[in-house]
Amino acid sequence: MIVTEIKQAAVSGPPGFVVRSCPICRSSERRTLFDLDASQFCRANWTYAENYNELLGLTGNQRFPIDRCGACGFVYARLLPSDDFLKLVYERVILFSECQAGSENGPGYARRMRYVATLMDLCAVRENFRALDFGCGLGVTLRLLHSANATVIGYDPSPVRGDSIKVPGVIVLRTLDEIERLEEKFDMVICDNVLEHIPDPPQTIKLIATLCKPGSVLFVSVPGYEHAFIKHQLTAIDNGEMIDMTLNPWEHLNYFNLLSLDRMLLNAGFESIKALQLPETINIGLRPESSGFNRLKNGLASTIRMIRYVALGDTSRSVEHSFYRFAGI
């Protein structure tokens with residue numbers, strides 16, 4: 001279904017939601033990309049309580065569209081949840097024990113250790129550096145940075161998550177007012193799976209820029225929504241298959257590809273750190289696959305990545321793992 005709206009007020013949402021324009025360019029011209037009901041994305045989310053409809057007061061027949069901006073092409077959830085609705089989602093619908101299990105595990109720690117190590121290598125300050133984890137969640141990255149003797153400040157508005165962080169010497173702020181009042185700037189900032197949740201990501205990035213020293217480094221990770229991935233999700237919907245957990249217009253209001261992410265960061269004074277500038281060893285991606293077909297498939301993909309790296313110095317940067325340096329506006 002393709003629908004173009006010119007005026008933001010032309011379509012109203014369910015109770016507890018308001019219709020919004022594109023968060024990147026503010027245009028109200030759009031095309032419907034996904035037209036989802038809650039069951040389609042809630043059944044894909046293993047952290048959700050089964051009685052989410054009852055907890056949220058939903059009747060089960062509401063639609064939650066995700067649109068592509070007709071002006072700039074950005075993909076975003078049309079309906080903005082109210083603070084009260086989101087509080088119910090984050091504090092009651094999302095099961096804290098499941099969320100904790102998804103963070104406190106070996107692969108989760110390994111992923112964070114990799115980007116923390118890269119940030120420390122890229123950081124101009126080798127000792128006593130200041131780090132901000134913007135959207136610190138359960139505090140896994142805060143603990144890693146604290147163990148490296150960094151002065152660490154976290155920000156997360158969720159009381160359940162903030163109260164779970166018990167690290168002596170680590171400050172966790174709850175409001176943006178507290179963030180804005182910070183006087184000392186930071187050598188590095190982490191924004192790990194945060195920007196997709198925020199109603200106005202350009203404003204958030206501009207706020208982060210005011211907290212950065214010249215030359216400071218920023219790590220950003222968001223779910224990747226390149227063309228091929230969107231096409232795959234549309235096919236899954238057409239076939240009645242399970243969609244990806246990241247396709248969730250209650251929690252994920254914004255859907256980035258690398259171009260849209262880089263443009264937004266550049267407008268706030270951040271330059272992408274290219275592959276050849278990264279000090280870490282390049283991982284081309286060979287893995288011990290279980291079947292011959294999977295080994296062949298992985299080998300071909302790794303060969304392509306190797307050719308791209310030799311020819312272009314390109315390790316296929318992605319929105320899931322991108323580094324930026326603050327150059328100023």
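The values are calculated or read from the model by the stated rules, or taken from the named source; none is laboratory data. All values reported here derive from a predicted model rather than from experimental measurement. Cβ atoms come from the backbone with ideal geometry, glycine included; neighbour counts cover every protein chain shown. These accessible areas exclude ligands, DNA and RNA; they are computed on the full protein's heavy atoms, side chains included. Shrake-Rupley method; radii C 1.70, N 1.55, O 1.52, S 1.80 Å.
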statement: Given 4 °C, 1.567 mPa s and a Kirkwood radius over Cα pairs, the Stokes-Einstein diffusion coefficient of the stretch 198-280 in µm²/s is 87
statement: Per residue, accessible area of the stretch 33-149 with a 1.4 Å probe, heavy atoms of protein chains only, in Å², comes to 45
- prompt: Ignoring ligands, DNA and RNA, how do Lys87, Lys274, Lys213 rank by accessible area with a 1.4 Å probe, largest first?
  reply: Lys87, Lys274, Lys213
field: Contour excess over end-to-end distance, with Cα ends at Glu180 and Asp83 and 0.36 nm allotted per residue
entry: 32.9 nm
message: Using a 1.4 Å probe on the protein heavy atoms only, what accessible surface does His197 show? Give it in Å² to the nearest 10.
response: 50
statement: On the accessible surface of the stretch 42-113, probed at 1.4 Å with all protein chains in place, carbon and sulfur together account for a percent value of 51
message: I need the calculated FRET efficiency for the pair Val125 and Ile237, taking r as the beta carbon distance and R₀ as 56 Å, to the nearest 0.05.
response: 0.75
- prompt: Ordering Met245, Met113 from largest to smallest accessible area (1.4 angstrom probe), what's the sequence?
  reply: Met113, Met245
List Asp177, Asp37, ordered by accessible area with a 1.4 Å probe, largest first: Asp177, Asp37
Integer Hz, Karplus 6.51/-1.76/1.60 couplings in order for the stretch 70-78, x for Gly and Pro: x, 9, 10, x, 5, 9, 8, 6, 5
query: What figure in square angstrom, to the nearest 10, would you give for the accessible area of Cys123 with a 1.4 Å probe?
result: 0
message: Expected output is a single nm value to one decimal: the length gained when fully extending between Asn193 and Thr59, i.e. 0.36 nm times separation in residues minus the C-alpha distance. What is it?
response: 45.3 nm
- request: Could you state the accessible area per residue of the stretch 169-243 in Å², with a 1.4 Å probe and every protein chain left in place?
  value: 47
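Can you list the trypsin sites (Lys or Arg not before Pro) in the stretch 89-191 that are in a DSSP coil and have 12 or fewer other beta carbons within 10 angstrom? Provide the component values of the computation, followed by the final result.
Details: sites: Arg92, Arg111, Arg112, Arg114, Arg126, Arg130, Arg143, Arg161, Lys166, Arg174, Arg181, Lys185; in loops: Arg126, Lys166, Arg174, Arg181, Lys185.
Counting only loop positions with at most 12 other Cβ atoms within 10 Å, the trypsin sites (Lys or Arg not before Pro) in the stretch 89-191 are Arg126, Lys166, Arg181.
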task: With a point put 7 Å past each Cα toward its Cβ, work out how far Asn267 is from Glu98 in nm, to one decimal.
output: 3.5
Ile165 accessible area, assembled protein chains, probe 1.4 Å, Å²: 20
task: Multiply the residue separation of Lys274 and Phe229 by 0.36 nm, subtract the distance between their alpha-carbon atoms, and state the gained length in nm to one decimal.
output: 13.9 nm
query: With point charges of +1 on the Cβ of Lys and Arg and -1 on the Cβ of Asp and Glu, referenced to the Cα centre of the stretch 1-160, which listed residue (Asn51, Ala124, Ala148) lies farthest in the positive direction of the dipole?
result: Ala124
task: State the three equivalent ellipsoid semi-axes of the stretch 183-228, derived from the C-alpha gyration tensor as the square roots of 5 times its eigenvalues, in descending order and whole Å.
output: 23, 12, 8
message: Give me the percent of accessible area attributable to carbon and sulfur for the stretch 181-221, probe 1.4 angstrom.
response: 52
field: Dipole moment magnitude, nearest 20 debye, the stretch 201-261 about Cα centre, only Lys, Arg, Asp, Glu C-beta charged
entry: 440
